[in-house]
Amino acid sequence: MSTSAAAVAKPKLASKRLVGGDQVAQVFTCFFAVLILAVTAFLVYELWISSSPSKERFGFGFLTSRLWNPVTDQYGALPYIYGTVLTSFLALVIAVPLGVGAAIYLSELALPKWSNALTFLVELLAAVPSVIFGLLAIFTLVPIMRDYVQPGLQKVFGNESFLFGGPTFGVGYLTAGLILAVMTFPFIISVSREALMAVPREQREAALALGATQWESTWQIVLPYAKLGILGSVFLGLARALGETMAVTMVIGNDPGIHASLLSPGYTIASVIANEFSEAGGKYYPSALVELGLVLFALTMIINGVAQLLIVLTTKKGSAKA
Amino acid sequence: MPIKTTPRNRWRNAVNDVMLSLTAVCAFLTVSALFTILGYLLYNGGKSVDLNFFTKLPLAPGQDGGGMANAIVGSATIVILASVIGLPIGFFAGIYLAEFSPKKFGFLIRYTADLLNGVPSIIIGIFAWTVVVRPFHQFSALAGSLALSLMLIPITARGTEQFLLEVPRTMREGALALGAPMWVTIMTVIVPAARKGIMTSMILGVARISGETAPLLFTALGNQFWADGLMQPTASLPAMIFTHATAPYDDWHRQAWAAGLVLLGLVFVANITARMIVSRGASLPK
């Protein structure tokens with residue numbers, strides 16, 4: 001069969017239209033795309049293999065044990081999982097209302113010129129390296145927390161209270177949560193703002209025409225319409241907070257225990273890896289740290305997957321506007 | 001037409017005013033965080049940045065007047081090497097995604113790239129440790145570069161793809177109708193048309209990795225002296241900030257502030273340049 005006949009037979013298939021140099025180009029670029037797949041698969045494989053001594057020795061008990069003792073080679077992940085989840089949760093409690101509020105202001109109220117300028121500043125905030133947040137937190141936030149905020153909280157709630165008891169060091173879950181909140185809200189703001197801006201104008205006009213105030217239109221009509229995208233931004237922020245290392249490592253206090261008090265020092269998965277990995281020797285110590293990494297990897301992958309899905313769903317829904 | 005002021009309407013208007021003002025307060029608070037950071041860094045770092053900082057090696061605690069010349073050169077080495085590895089891979093993968101990929105396979109790669117982009121940077125560090133540091137029994141700049149390039153690849157690939165797809169369809173069709181093969185069209189028409197956007201996403205990607213610390217902690221490790229080649233432990237600005245800020249010495253803290261100011265300055269200059277290249281306020285890939 002001649003080439004032209006083949007082209008006529010299957011005119012729709014892009015791959016059949018490629019000839020000569022195009023096939024080379026396709027194979028060449030495809031190689032790099034497959035490289036992304038391969039590297040990601042290799043990363044998962046390495047995490048799995050390198051953590052196998054620890055997985056075989058501790059089994060699922062690794063996830064529920066509170067013991068972490070390199071001297072006796074006993075490792076358990078629970079305090080780190082607890083610290084990671086608690087600090088990220090605190091971050092969201094602070095960052096979600098602030099971030100969504102700011103996104104509402106940027107998409108609904110601010111003049112376009114102001115909105116763009118402020119969004120640019122928010123994106124600059126997102127570009128600040130994590131270690132710089134840590135630097136500022138150590139020297140400014142920690143003293144403020146120790147001298148004013150934490151004693152203040154204890155005055156209000158009592159220093160025997162469940163959430164705010166114990167001595168005040170400045171470092172700890174609450175301080176880490178605060179700094180994480182500042183690091184996550186740029187993501188929440190910029191994704192939520194886009195979700196809100198994708199809500200069709202008619203929705204707002206219809207609500208206003210029926211006599212709703214601007215807040216009622218925003219709260220009862222626009223927000224519900226964009227809720228999937230906003231939820232997506234929250235999950236995206238959560239994934240960032242879970243995996244955040246440097247800033248948290250500098251203010252968490254490095255205490256491998258489980259404490260109810262938010263003022264108490266703690267530890268997170270990422271920060272124990274950052275602090276101990278380069279000095280870990282023997283067979284089980286590094287492998288236990290890699291297994292911690294695997295746990296963190298699984299957590300963030302699930303949260304990220306949900307976030308991507310939610311964001312894809314809203315951009316499809318809002319595509320009428322573009 | 002004035003709204004009738006029944007008590008209920010007054011209440012609704014009051015709620016409206018209060019809540020809308022609160023959103024403005026939220027926006028103000030979030031943006032003020034940026035200025036607080038900038039202000040503190042300028043105040044504390046400005047006092048410590050001097051010529052020595054750029055030309056001298058770090059000194060032991062207690063001695064006055066050291067610098068971070070080795071960390072500046074080390075960071076530059078690691079980031080340039082990471083860019084040399086990561087940018088071409090990301091660029092070509094982006095071309096494949098935008099121009100050649102079949103639907104399902106393209107979705108798979110896109111999804112994987114987004115996953116890789118979301119992997120916490122400390123885990124990328126573990127990976128680089130297992131494939132470079134462990135086999136060679138040596139912390140090295142190369143391991144650090146590899147870790148950073150892994151973060152750069154998905155950013156570049158998705159950025160390149162996004163901006164290639166924004167090139168109008170008519171330009172492709174015009175070139176193809178003139179008889180140019182697809183690859184010539186891509187090289188001479190599509191990529192040049194999207195070059196501003198592609199450059200922007202590349203600059204943003206490089207800016208992002210140059211501030212990363214976690215992947216360097218146990219790959220490039222750090223060094224108080226000049227590194228002797230790519231296979232040696234190498235100092236970098238972000239890692240230096242971490243070690244100096246967490247150490248209990250006042251002169252080290254001053255050095256950390258100076259390093260923080262220099263690093264943030266570089267990152268901001270890169271970000272602002274990138275956004276000026278895309279002159280119209282096009283939305284940027286996250």
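The values are calculated or read from the model by the stated rules, or taken from the named source; none is laboratory data. A quick note: this is a predicted structure, and the numbers were derived from the prediction, not measured. Don't worry about glycine lacking a Cβ; one is built from the backbone with ideal geometry, like all the others, and counts go over all protein chains shown.
Taking the numbered list (1) in contact with a Gly (Cβ under 7 Å, 6 or more places away or on another chain); (2) part of a loop (DSSP other than H, G, I, E, B) in turn, B:Pro215 passes all entries but (2). Taking the range B:236-260 as the range and being surrounded by fewer than 24 Cβ atoms within 10 Å (Cβ to Cβ), more than 9 Å from every other protein chain (Cβ to nearest Cβ) and assigned to a helix (DSSP H, G or I) as the test, the residues that pass are B:Thr243, B:Asp250, B:Asp251, B:Trp252, B:Arg254.
Tallying residues that are within 11 Å of chain A (Cβ to nearest Cβ) and either touching a residue at least 60 places away in the same chain (Cβ under 8 Å) or under 16 Å from B:Ile277 (Cα atoms) (or both) within the range B:186-202 yields 1.
Picking from residues in the range A:174-222 that are of a type in the set (Val, Ile, Thr) and within 10 Å of another protein chain (Cβ to nearest Cβ), the one that is surrounded by the most Cβ atoms within 10 Å (Cβ to Cβ) is A:Ile189. Of the helices (runs of 4 or more DSSP H) lying entirely inside the range A:180-293, those containing at least 2 residues that are closer than 26 Å to A:Val93 by Cβ are A:227-243, A:246-251, A:269-276. When restricted to residues that are within 13 Å of chain B (Cβ to nearest Cβ) and of a type in the set (D, E, K, R), the range A:223-263 contains 2. Scanning the range B:82-100 for residues that are small (Gly, Ala, Ser) and within 16 Å of the chain's Cα centre (by Cα) yields B:Ala82, B:Ser83, B:Gly86, B:Gly90.
If you go through the range A:106-126 and keep only what is within 23 Å of the chain's Cα centre (by Cα) and without any contact (Cβ under 8 Å) to a residue 40 or more places away in the chain, you end up with A:Leu118, A:Phe120, A:Leu121, A:Leu124.
Taking the range A:61-103, which residues are polar (S, T, N, Q) and closer than 23 Å to A:Glu244 by Cβ? Result: A:Thr84, A:Thr87, A:Ser88.
Annotation: of all residues in the range A:115-133 being more than 7 Å from chain B (Cβ to nearest Cβ) and under 23 Å from A:Ala274 (Cβ atoms), the one that is surrounded by the most Cβ atoms within 10 Å (Cβ to Cβ) is A:Phe133.
Quick one: count up the residues across the range A:185-241 that are over 26 Å from the mean Cα position of the chain (by Cα), farther than 23 Å from B:Ala14 by Cβ and not basic (Lys, Arg). Within the range A:185-241, residues that are over 26 Å from the mean Cα position of the chain (by Cα), farther than 23 Å from B:Ala14 by Cβ and not basic (Lys, Arg) number 5.
Which residues, counting only those in the range B:177-235, are under 16 Å from B:Ala98 (Cα atoms) and surrounded by fewer than 16 Cβ atoms within 10 Å (Cβ to Cβ)? Those that are under 16 Å from B:Ala98 (Cα atoms) and surrounded by fewer than 16 Cβ atoms within 10 Å (Cβ to Cβ): B:Met187, B:Thr188, B:Pro192, B:Arg195.
With respect to A:Ile302, is the statement that it is more than 9 Å from chain B (Cβ to nearest Cβ) and in a helix (DSSP H, G or I) true? Steps first, answer last, please.
Numbers: more than 9 Å from chain B (Cβ to nearest Cβ): yes; in a helix (DSSP H, G or I): yes.
For A:Ile302, the condition - more than 9 Å from chain B (Cβ to nearest Cβ) and in a helix (DSSP H, G or I) - is met.
Looking only at the range B:124-159, count every residue that is free of Cβ contacts under 8 Å to residues at least 12 places away in the same chain, at the interface with another protein chain (Cβ under 8 Å from one of its Cβ atoms) and not in a helix (DSSP H, G or I) and tell me the total. The number of residues fulfilling the criteria is 0.
Here B:Val79 does not qualify as away from every other protein chain (no Cβ under 14 Å), at pLDDT 95 or above and either more than 26 Å from A:Leu136 (Cα to Cα) or surrounded by 17 or more Cβ atoms within 10 Å (Cβ to Cβ) (or both). Filtered by the rule that a residue be touching a Ser or Thr at 6+ places or on another chain (Cβ under 9 Å), of a type outside the set (Val, Ile, Thr) and at the interface with another protein chain (Cβ under 7 Å from one of its Cβ atoms), the range A:17-42 gives A:Gln26, A:Cys30, A:Ala33, A:Leu37. When B:Phe107, B:Phe127 are checked against the criterion of being more than 19 Å from B:Ala193 (Cα to Cα), out of contact with any helix residue (DSSP H, G or I) (no Cβ under 7 Å at 6 or more places or on another chain) and among the hydrophobic types (A, V, I, L, M, F, W, C), a single residue qualifies: B:Phe107. Taking the range A:93-106 as the range and being surrounded by fewer than 24 Cβ atoms within 10 Å (Cβ to Cβ) and among the small types (Gly, Ala, Ser) as the test, only A:Gly101 passes. Residues in the range B:203-232 that are within 12 Å of chain A (Cβ to nearest Cβ) and either more than 16 Å from B:Ser149 (Cβ to Cβ) or not aliphatic (A, V, I, L, M) (or both): B:Gly205, B:Arg208, B:Ser210, B:Gly211, B:Glu212, B:Thr213, B:Pro215, B:Leu217, B:Phe218, B:Thr219, B:Leu221, B:Gly222.
Here is a yes/no grid of residues against (1) over 30 Å from A:Gln308 (Cα atoms); (2) small (Gly, Ala, Ser); (3) in contact (Cβ under 8 Å) with a residue 40 or more places away in the chain:
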site	(1), (2), (3)
A:Arg240	no, no, yes
A:Val248	no, no, yes
A:Pro256	yes, no, yes
A:His259	yes, no, yes
A:Glu279	yes, no, no
